[in-house]
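First comes the structure, then the notes that go with it.
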Amino acid sequence: MNLKQPLLLLFILLSTLGFTQTSKRDQVMSKLITDNYTLAKNQYLYMMKQVPKDSLPQSYDKATNKLILNHITWWCTGFYPGSLLYIFEQTHDETIKAEALRALKVIESNQTFTENHDLGFMMYCSYGNAYRLFKDEKYKQIIFRSAESLATRYKPKMKSIQSWNKNQYFNCPVIVDNMMNLEMLNWVSQHGGDPKYQAISETHTNTTIQNHYRSDFSSYHVVDYDLETGKVLKKATHQGAANTSAWSRGQAWGLYGFIVMYRDTKNIKYLNFAKNIAKFILHHPNMPEDKVPYWDFDAGLQPLAKRDASAAAITASALMELGQFTTGKEKNEFINAGVKMMESLSSDTYLAKVGENGGFLIKHCVGALPLNSEIDVPLVYADYYLLEALKRYKDWYLNK
């Protein structure tokens, strides 16, 4: 036998094995996507009947069987219309669409809000999806105005966008979550807006690399600055277990944000940084087998510590996009880990049944455990990022 023949057979065998594994994954994900979007439609049709005209849902109180609502300037108000738009895109349900358009109107005035950094969450997760689907020029102009408002918080001496205003804890805080608001700035610069917005975004990202991240690619939650000099005053946490710990949702925000920055700039530094953050998350010794993190990777009382399903949903969506920019073993690792997270979130442990959970999809999230806020509850952004992760797998990997 020719020496090349065994090698060829081995190549064919391995290729077939890889194809079989991918095919099996696609079968699982195809059903998961269909089932979850059907559930989402039914859940949100149920939920919308309980939503007042002047506020939007954040969570659900099981004890009182009532939705927890927030004012329109709360950072999460973009996720409800954003989730509805994802559901409409997949199901074409006109009632869902009508509610999404109504919810957009509720938060429209946020385009001029300048009191924190969360305009990306509020206005891009909502109006960004609306413009993508409907190409309404009014939506584009609202996104442009929102970017203008967000840019007012950029502080040149700090080379960062200030997250919160001065408070009892911090002088001029920048939180890692802020990486999520940069996508809107980039989009505006790349769609006819002022190039300064993406320049701000890139400068903020470089400062985040320098000051927020440790040598193991875990992130502090908060970096506090002297507004006049730009000097770092302290590195801390507000929602994590300790100043030196790795708050799980913060790690997810950073991962997602650096992937977006690579997509929008093609700066390889951002891609490499994102890959290292992903490896920190996925290889952490305290990552549970089902890939749904504890609320903080360094939280005490494991394995009894609370899980944060929202961190898994955000990470899963981020990993779907990271798979677009990687190859070989890395690509497979990232996609398979994201799929595992989606499978876990779709299990009876984390996924509600129709009419349960106030209409939300995901259970067992944690907002801010040290502040005794939103512990073991549904959170609107967990639903949003799970729906996005499922859509991304369908668009980018299913039967490709």
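The values are calculated or read from the model by the stated rules, or taken from the named source; none is laboratory data. As the structure is a computational prediction, the values presented were derived from the model and not from experiment. Positions of Cβ are generated from backbone atoms using ideal geometry, with glycine treated the same way; all protein chains shown enter the neighbour counts.
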*Inspect the range 347-355 for any residue being touching a residue at least 24 places away in the same chain (Cβ under 8 Å) and acidic (Asp, Glu) and give the result as yes or no.*
no
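Residue by residue, here is whether (1) among the hydroxyl-bearing types (Ser, Thr, Tyr); (2) under 20 Å from the mean Cα position of the chain (by Cα) holds:
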site: Trp164; (1), (2): no, yes
site: Thr203; (1), (2): yes, no
site: Thr207; (1), (2): yes, no
site: Arg214; (1), (2): no, no
site: Phe217; (1), (2): no, yes
*Does any residue of the range 283-290 turn out to be touching a residue at least 24 places away in the same chain (Cβ under 8 Å) and farther than 30 Å from Lys41 by Cα?*
yes
*Can you tell me which residues in the range 99-135 are aromatic (Phe, Trp, Tyr), surrounded by fewer than 19 Cβ atoms within 10 Å (Cβ to Cβ) and not in a loop (DSSP other than H, G, I, E, B)?*
Phe134
*Please verify whether the range 323-331 includes one or more residues that are assigned by TED's automatic domain parsing to the domain that holds Gln43, farther than 20 Å from Tyr60 by Cα and part of a loop (DSSP other than H, G, I, E, B).*
yes
_Filtered residue count, the range 50-69, keeping only those that are polar (S, T, N, Q), in a loop (DSSP other than H, G, I, E, B) and in contact with a strand residue (DSSP E or B) (Cβ under 6 Å, 6 or more places away or on another chain)_ = 2
*With the condition kept exactly as written, say whether any residue in the range 293-310 is in contact with a Pro (Cβ under 9 Å, 6 or more places away or on another chain), modelled with pLDDT under 95 and part of a loop (DSSP other than H, G, I, E, B).*
yes
*Among the candidates Tyr80, Tyr46, single out the residue that is assigned by TED's automatic domain parsing to the domain that holds Asp376 and among the aromatic types (Phe, Trp, Tyr).*
Tyr46
